[in-house]
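Q: Take a look at the following structure, please.
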Amino acid sequence: MTKLFNIILVLLLFSTHLSAQFKITSVIPSFYFTTGDYSNNNSSFSYTGYVSLGFNDSDFFNAGLDFLTIDDQSVEYNQTALYMGWVKNIDVFRFKINYAQIDGTYDDNSVDYKYSDYLKIYNIGFAYNYNQFVFGAVFSYMNMIGNQSLNGRQYEFSASWLPSDFMSISVNPVFINLNDSRKLYSIGGDLTYKLTDKLKININGFIGERAYYFNSDLLWINKREETQKYLTEIKAEYIIAKTIVITASAQKTKFGNYHITYLSGGGKVFL
């Protein structure tokens, strides 16, 4: 936890330095909460806050803080995650670099004993815009120490088609190589459609196998040891005011031999 607070302090100092060097053109704070219902009778709850700072309409600094609790029948798991990243737009190219660290604590109720693990993720990526298409590639490296020691590499490619201002379709094959001998392949898909000027619907998911998958666009990871088998999600965004957007989503996924249903809600404000 001390390491986390030190990084937050550095983050605040860094953002202060950025504001002095660049013109801030946008500030977008957001907040979300998520509940998880497990088929093995476990449950989870998390709340997450993000802030996105735009500089000179071409650079974006993003940061997030997430708190998660999983109530197991014998072990309570508490997790604190810090995400931060930088996006740079240059003509038809977009570059990004992200960092994440996750502190997890396990409280074993049966033996009155606590143990922990510590995960770091380093991520780089780029995208190229060509007419109505966007092509991208992302690489992530992860290292975890503590209760479980693990490292891995994630390779992801994406292709998106934007036929109009109202719709986008994308696919993203992913390969994850973990040093516990797991080599996991999957392919994801995403469809976004703007039903009205205020309402947007998104359907996404994947089939195949994943573990410790890091979403470099949303700055989020589902840190579970078991192999993830599939995911389906439907999400809605609604503009309730000129600068306020609310979000709600429902997600179904499978890890190992159990399923999880997630319900999430939140919103963001354009300052």
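Q: Would you mind telling me which numbered condition in (1) under 26 Å from Leu162 (Cβ atoms); (2) in contact with an Asp or Glu (Cβ under 8 Å, 6 or more places away or on another chain) Ala211 fails?
A: (1)
Q: Related question: Between residues in the range 131-155 that are in contact (Cβ under 8 Å) with a residue 60 or more places away in the chain and residues that are not aromatic (Phe, Trp, Tyr) and not in a strand (DSSP E or B), which pairs lie under 6 Å by C-beta distance while being six or more apart or on different chains?
A: Val138/Ser216
Q: Sticking with this structure for a sec: Picking from Phe175, Phe166, which residue would you name as being closer than 18 Å to Lys223 by Cα and out of contact with any helix residue (DSSP H, G or I) (no Cβ under 6 Å at 6 or more places or on another chain)? Don't jump to the end; show me each part of the working.
A: On the way: Phe166 fails: closer than 18 Å to Lys223 by Cα.
Just a single option satisfies the conditions, and that option is Phe175.
Q: Could you tell me whether Leu218 is on the phi < 0 side of the Ramachandran plot and either modelled with pLDDT under 95 or part of a loop (DSSP other than H, G, I, E, B) (or both)?
A: On the way: on the phi < 0 side of the Ramachandran plot: yes; either modelled with pLDDT under 95 or part of a loop (DSSP other than H, G, I, E, B) (or both): yes.
Judged against the criteria, Leu218 is a match.
Q: In the list Ser116, Ser181, Ser170, Ser186, which residue meets the criterion of being closer than 22 Å to Thr247 by Cβ, of a type outside the set (D, E, K, R) and either free of Cβ contacts under 8 Å to residues at least 60 places away in the same chain or not in a strand (DSSP E or B) (or both)?
A: Details: Ser116 fails: closer than 22 Å to Thr247 by Cβ; Ser181 fails: closer than 22 Å to Thr247 by Cβ; Ser186 fails: closer than 22 Å to Thr247 by Cβ.
Sole residue among the options that is closer than 22 Å to Thr247 by Cβ, of a type outside the set (D, E, K, R) and either free of Cβ contacts under 8 Å to residues at least 60 places away in the same chain or not in a strand (DSSP E or B) (or both): Ser170.
Q: For Ala81, work out the one condition from (1) farther than 25 Å from Ser170 by Cα; (2) modelled with pLDDT under 95 it doesn't fulfil.
A: It fails just one condition, (2).
Q: Another question about this same structure. Which numbered condition in (1) among the small types (Gly, Ala, Ser); (2) over 15 Å from the mean Cα position of the chain (by Cα); (3) surrounded by 15 or more Cβ atoms within 10 Å (Cβ to Cβ) is the only one that Gly205 fails?
A: (2)
Q: Moving on to the next point. Conditions: (1) more than 17 Å from the chain's Cα centre (by Cα); (2) part of a strand (DSSP E or B). Glu226 meets all but one. Number of the miss?
A: (2) is the only condition that Glu226 fails.
Q: When you go through (1) in a strand (DSSP E or B); (2) farther than 22 Å from Glu226 by Cα one by one for Asp57, which number turns out not to apply?
A: (1)
Q: Being surrounded by 15 or more Cβ atoms within 10 Å (Cβ to Cβ), under 18 Å from Leu178 (Cβ atoms) and at pLDDT 95 or above narrows it down to one of Lys235, Lys229, Lys223, Lys254, so name that one.
A: Values: Lys235 fails: under 18 Å from Leu178 (Cβ atoms); Lys223 fails: at pLDDT 95 or above; Lys254 fails: under 18 Å from Leu178 (Cβ atoms).
From the options Lys235, Lys229, Lys223, Lys254, the qualifying one is Lys229.
Q: What are the residues in the range 189-208 that are part of a strand (DSSP E or B) and charged (D, E, K, R), if any?
A: As a first pass, look at the range 189-208 and keep what is part of a strand (DSSP E or B): 189-194, 199-208.
Residues satisfying the conditions are Asp190, Lys194, Lys200.
Q: Filter the range 70-88 down to residues that are of a type in the set (Gly, Ala, Ser) and assigned to a strand (DSSP E or B) and give me whichever is surrounded by the fewest Cβ atoms within 10 Å (Cβ to Cβ).
A: Step one: list which residues in the range 70-88 are of a type in the set (Gly, Ala, Ser), which gives 74, 81, 85.
Now restrict to residues that are assigned to a strand (DSSP E or B): 81, 85.
Values: Ala81: 23, Gly85: 21.
Filtering first and then ranking leaves Gly85.
Q: Against the definition (among the small types (Gly, Ala, Ser), surrounded by fewer than 17 Cβ atoms within 10 Å (Cβ to Cβ) and under 26 Å from Val27 (Cβ atoms)), how does Gly64 come out, yes or no?
A: Working: among the small types (Gly, Ala, Ser): yes; surrounded by fewer than 17 Cβ atoms within 10 Å (Cβ to Cβ): no; under 26 Å from Val27 (Cβ atoms): yes.
Here the answer is no, as Gly64 does not meet what is asked.
Q: Taking the residues in the range 89-110 that are at pLDDT below 90 and not in a strand (DSSP E or B) as candidates, determine which candidate is surrounded by the most Cβ atoms within 10 Å (Cβ to Cβ).
A: Asn109
Q: Restricting attention to the range 257-271, which residues are polar (S, T, N, Q) and at pLDDT below 95?
A: Going residue by residue through the range 257-271, those that are polar (S, T, N, Q) are 257, 261, 264.
Within the range 257-271, just Asn257 meets the criteria.
The values are calculated or read from the model by the stated rules, or taken from the named source; none is laboratory data. For clarity, every value in this text was computed on a predicted model and none was experimentally measured. Methodologically, a virtual Cβ is constructed for each residue, glycine included, from the backbone with ideal geometry; neighbour enumeration extends over all protein chains shown.
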